[in-house]
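Here is the structure we will look at, set down as structure tokens.
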Amino acid sequence: MDGVNGSLDGIINELVDVLGRAEWSRDQAQEALDKANAEVRRIKAILKAAGHGEEEAKPKKKKKAEKPLRVNEETRASVLNAVHLASKMCATLPGVPGSFTVKDLEEYTPIHHSSIRTAINNLRDEGIVRAAGLVPGTPRKAPMAYVLGEGNEASE
């Protein structure tokens, strides 16, 4: 068994040597990286002082397309028709006849829910639809329920 321990000791010594070389190599690479980062900071400072900031070096980010604030008349008419249908068929809020949500309106019009929301906001601004409250018993953020009527929650 003495021969096995001798071989094991030799392997361990070899691994310790390999580890030492790997750590030395890592330390050299880290030192080179630190020097390169210092040089980059120095050059950026010089460029900034000369009036050439990072704005010109980096490409500008594109802004997201802004959502439209209004919908076209065709979409408005379709959503208003869906509002009238939903208000006759639904009562999303207990005790509030004719209450509906955007999801309810999706059943009555082929328009995308984001356009329905925009149209509802427009109808609220016009006083045709008003917010009636949050739907109880729904997970996460409760959806807003609406009803036909004048004004909005700000006027109440």
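No lab work stands behind these numbers, since they all come straight from the coordinates. What you are looking at is a predicted structure, and each value in this text was computed from that prediction instead of being measured. Every residue, glycine among them, receives a Cβ derived from its backbone with ideal geometry; neighbour counts consider all protein chains shown.
Show me 36-42, 115-121 ranked by packing, highest mean number of other Cβ atoms within 10 Å first.
Descending packing order for the listed peptides: 115-121, 36-42.
What does the convex hull of the alpha-carbon atoms of the chain project to on average, in nm²?
Over every viewing direction, the Cα hull of the chain projects on average to 23.0 nm².
Considering amide H positions built from the backbone, and no H for Pro or chain starts, which residues 5 or more places from Ala145, or on another chain, come under 5 Å of its amide H?
Ala132, Gly133, Leu134, Val135
What does the highest-first list of 25-32, 123-130 look like by mean Cβ count within 10 Å?
So the peptides 25-32, 123-130, ranked by packing, come out 123-130, 25-32.
Stokes-Einstein D for region 73-155 at 4 °C, 1.567 mPa s, Kirkwood Rh over Cα pairs, in µm²/s?
103 µm²/s
Treating only the Cβ of Lys, Arg, Asp and Glu as charged (+1, +1, -1, -1), what charge dipole size does the chain show about its Cα centre? Round to the nearest 20 debye.
860 debye
With θ set to phi - 60°, apply the Karplus curve 6.51 cos²θ - 1.76 cosθ + 1.60 along region 8-24 and write out the HN-Hα couplings as whole Hz, x wherever there is a Gly or Pro.
5, 4, x, 5, 4, 4, 5, 5, 5, 5, 4, 4, x, 5, 5, 5, 4
Can you give me the long-range amide H partners of Val129? Hydrogens built in the peptide plane at 1.01 Å from N, cutoff under 5 Å, separation of 5 or more residues or another chain.
Here the answer is Arg124, Gly149, since their amide H atoms fall under 5 Å of that of Val129.
Among Ser114, Ser78, which comes first, second and so on when ranked by fewest other beta-carbon atoms within 10 Å?
By the 10 Å Cβ count, ascending, the order reads Ser114, Ser78.
Given an 8 Å cut-off on Cα distances and at least 6 residues of separation, report the relative contact order of the chain as a percent.
15 percent
Add +1 for every Lys or Arg and -1 for every Asp or Glu among the other residues with Cβ under 12 Å from the Cβ of Arg21, and state the total.
Within the 12 Å Cβ shell, the charges total -3.
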